[in-house]
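Report on the structure given below.
The values are calculated or read from the model by the stated rules, or taken from the named source; none is laboratory data. Worth saying up front: this structure is predicted, and the values here are computed from it rather than measured. When we count neighbours, we look across all protein chains shown, and the Cβ atoms used for this are built from the backbone with ideal geometry, even at glycine. Protein only, heavy atoms only, side chains kept; ligands, DNA and RNA dropped before computing areas. Shrake-Rupley method; radii C 1.70, N 1.55, O 1.52, S 1.80 Å.
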Amino acid sequence: MPSILLTLLAVLAAYLLGSVPFALVASRVFGLADPRSYGSKNPGATNVLRSGHKGAALLTLVGDATKGWLAVFLAAHYAPQYGLGPLTVGLVALAVFFGHLYPVFLGFKGGKGVATAAGVLLAINPWLGLATLATWLFVAFTLRYSSLAALVAAAAAPLYAILLWGNDGLVLVIGIIAMALIGKHWQNLQRLLAGSEPRIGGKRK
């Protein structure tokens, strides 16, 4: 099979995997309301946590992160066997991430991609993923703003990647993911500046 076709199939599979809405899956498993019907109406772990069910939020978080990690891990593992290079891995990373942001199963209206991005980064390089995750955790647990933690971690990820590799194609991929994350949190940034952004565990009025 031609390498271009294999790459396209890998990208399509990654996009479909990224489109799986674990926020809705977890909510149905635990008998909760659709997360798009309350709070920020965002199908993500932070909004699911506003339902008061920590188990559902944890399942959402783990599911979203795992799909990002799995897609990139499989691409990195099998690409060399089929004569595919780092370009395929980078495209798969973008596909699974944007699949979460714009899922075909939810009318292209998905989550903000923080957990999925974390999974992608961990698969690309564990040290990169852990450094970015540590940044998110530090901001989240000290200031208790999930959105602010995401913004800081997104800005830091490309810098960590440059420190690890210097000029590399995957740095561009990480930069695109970071810019998309910041774009998805633009309204959160405006609320942070206005002092109206809800804290982690709080219920949006």
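Points to keep in mind about this one:
- Extended-chain gain in nm, criterion 0.36 nm per residue less alpha-carbon gap, Leu8 and Leu70: 20.6 nm
- For region 87-197, the relative contact order is 23 percent, taking Cα pairs closer than 8 Å that sit 6 or more residues apart in sequence and dividing their mean separation by the residue count.
- Under a model in which nothing but the beta-carbon of Lys, Arg (+1) and Asp, Glu (-1) is charged, the chain shows a dipole of about 940 debye around its Cα centre.
- Zone residues, region 29-68, relative to Ile200, backbone N less than 17 Å from point 7 Å out along Cα-to-Cβ: 44-65
- Most positive-pole-ward Cα, Ala95, Thr60, Ala117, against dipole of region 1-141 from beta carbon charges: Thr60
- Kirkwood Rh, Cα atoms: Rg over Rh of the chain: 0.98
- Cβ-Cβ FRET estimate between Trp186 and Ala134, R0 fixed at 22 Å, reported to 0.05: 0.35
- Taking amide H atoms as placed 1.01 Å from N in the peptide plane, the amide H of Glu197 lies under 5 Å from those of Leu192, each 5 or more residues away in sequence or on another chain.
- Among the DSSP helices (H) of the chain, those spanning at least 24 angstrom by Cα along their long axis with an average Kyte-Doolittle hydropathy of -1.0 or more are 54-78, 126-143, 146-165; this is a geometric and hydropathy rule only.
- Residue with peak Gaussian network fluctuation, the chain [Cα springs, cutoff 10 Å], from Gly99, Gly175, Gly68: Gly175
- Region 104-128-region 52-73 distance, computed between alpha-carbon centres (Å): 9 Å
- Per residue, the accessible area of the chain comes to 51 Å², computed with a 1.4 Å probe over protein heavy atoms only.
- Normalised by 2.2 N^0.38 Å, where N is the number of residues, the C-alpha radius of gyration of region 23-92 stands at 1.46.
- From the alpha carbon centroid of region 20-43 to that of region 133-201 is 23 Å.
- Overall Cα dimensions of region 54-152 - principal axes, largest extent first, Å: 46, 34, 23
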